[in-house]
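The values are calculated or read from the model by the stated rules, or taken from the named source; none is laboratory data. If you're wondering where the values come from, they're calculated on a predicted model, not measured in any experiment. Heads up, the Cβs are rebuilt from the backbone with ideal geometry, glycines too, and the neighbour counts pull from every protein chain shown.
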Amino acid sequence: MTLDMNCPVCSNKPLDYRTNVLELPYFGETLQVTISCGKCDYRYTDIMITQQKEPMRYEMIVDSPDDMSVRVVRSTSGTVRIPELGILIEPGPMSESFVSNVEGVLERVKKVLVQLERDAAGEEELGAIRDMLSRIDAVKEGCEKVTLSIDDPFGNSAVISDKASKRTLSEEEVSRLKTGMFVIDLHVGGA
């Protein structure tokens, strides 16, 4: 199928659009959507979770190099926090789901910081970015303790470890969360 849209990279039109239903561990039934450009090889892939569970918070103290291998599942509606480092990753229009580990989450943050480092406005900003990069390395080495939490209003994210706690989010907590690009409400007309 094609989309009558311009490629965001090269403005080529149309774009190729494909969908595929998948059964994925940790997520259940999902819809994989791929949009690609035949001219410049631009590609966007997302996994949409087709089910909704209870709104959940997963939380874990990360204090050892062994914690780097703990499985982290983040859906497009998951909000990731590491408050000790000031890290907040909220869903947005280009949110992507992922299955990774604690180290992978930290590496994603480092990639963003390295990009910011190149564009730093001055020495103060550059110093703050480099300090954050050092602190992330300290966390990975077990020299700094942090809390990793994921809040998901649809319950499709998780931290999978015996060290992780989980609890249902209150309605008030859910109301403060962003949900990502869009939400499909299947309860049309009440019920």
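Within the range 111-123, does at least one residue satisfy the condition of being without any contact (Cβ under 8 Å) to a residue 40 or more places away in the chain, closer than 28 Å to THR30 by Cα, of a type in the set (A, V, I, L, M) and assigned by TED's automatic domain parsing to the domain that holds THR147?
Yes; the residues of the range 111-123 include at least one that is without any contact (Cβ under 8 Å) to a residue 40 or more places away in the chain, closer than 28 Å to THR30 by Cα, of a type in the set (A, V, I, L, M) and assigned by TED's automatic domain parsing to the domain that holds THR147.
Residue check: is ASP66 exposed (fewer than 13 other Cβ atoms within 10 Å of the Cβ) and either in contact with a strand residue (DSSP E or B) (Cβ under 6 Å, 6 or more places away or on another chain) or acidic (Asp, Glu) (or both)?
yes
So SER64 passes all but one of these: (1) among the hydroxyl-bearing types (Ser, Thr, Tyr); (2) touching a residue at least 60 places away in the same chain (Cβ under 8 Å); (3) under 30 Å from THR30 (Cβ atoms). Which condition number does it fail?
(3)
Looking only at the range 92-129, count every residue that is within 21 Å of the chain's Cα centre (by Cα) and of a type in the set (Gly, Ala, Ser) and tell me the total.
Total meeting the criteria: 5.
Restricting to the range 10-32, give me the number of residues that are more than 26 Å from VAL159 (Cβ to Cβ) and assigned to a strand (DSSP E or B).
7
Within the range 145-170, restricting attention to residues that are among the polar types (S, T, N, Q) and in a strand (DSSP E or B), which residue is nearest to the chain's Cα centre (by Cα)?
Only one residue fits best here, namely SER149.
Mind listing whichever residues of the range 9-36 are of a type outside the set (S, T, N, Q), surrounded by 13 or more Cβ atoms within 10 Å (Cβ to Cβ) and over 27 Å from SER100 (Cα atoms)?
LYS13, PRO14, LEU15, ASP16
Conditions: (1) farther than 26 Å from THR30 by Cα; (2) of a type in the set (S, T, N, Q); (3) modelled with pLDDT under 95. SER95 meets all but one. Number of the miss?
Against the list (1) farther than 26 Å from THR30 by Cα; (2) of a type in the set (S, T, N, Q); (3) modelled with pLDDT under 95, SER95 comes up short only on (1).
Could you tell me whether any residue of the range 54-71 is of a type outside the set (Lys, Arg), assigned to a strand (DSSP E or B) and in contact with a Gly (Cβ under 8 Å, 6 or more places away or on another chain)?
yes
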